[in-house]
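Beneath this line is the structure, given in structure tokens, with notes to follow.
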Amino acid sequence: MQHPSKNKKRVRVKQTRILLKDLIRLVSRKTGMTQAQTKEIVQQFLDEIHFALAGNKKVLIVGFGSLTARLVEGFTREGLPPVSTHRRVTFRASGTLKQSLNALSPQSKLK
């Protein structure tokens, strides 16, 4: 008997990227600040997140989600090189973000 999740159809979603420079341009346009000023603020924001995660702190952005750096233990795999112990950043979306994304019609908005 097949697992129930095997019967679900997967919807292919065409994704577009928003690069850092695009984000800077958009924020600059909405705030009326220059792109240089906006770039400095965005970079400082990202640096603070980086330093918090490096310091083993959880970053919580209300209405958006949380970022956490977790330690992943190393392991060996037969026939493949071993994976060393490392830190991995995980993101967990907030309920508010999930609700706003799910409020969009998945069939029409994601194509």
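Each reported figure results from applying straightforward, stated rules to the coordinates on display, with no laboratory input. Here the structure is a predicted model, which means the values were calculated and not measured.
Data overview
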{"read-out": "Dimensionless Rg over Rh [segment 18-57; C-alpha; Kirkwood]", "value": "1.10"}
{"read-out": "In order through segment 86-95: 3J(HN,Hα) via Karplus (6.51 cos²θ - 1.76 cosθ + 1.60), integer Hz, x for Gly, Pro", "value": "8, 9, 10, 8, 10, 10, 10, 5, 6, x"}
{"read-out": "Where only alpha carbons of segment 59-111 are counted, the Rg and the Dmax (Å)", "value": "17.5, 46"}
{"read-out": "Tail fraction, Cα-Cα pairs, segment 18-111, threshold 20 Å, whole percent", "value": "62 percent"}
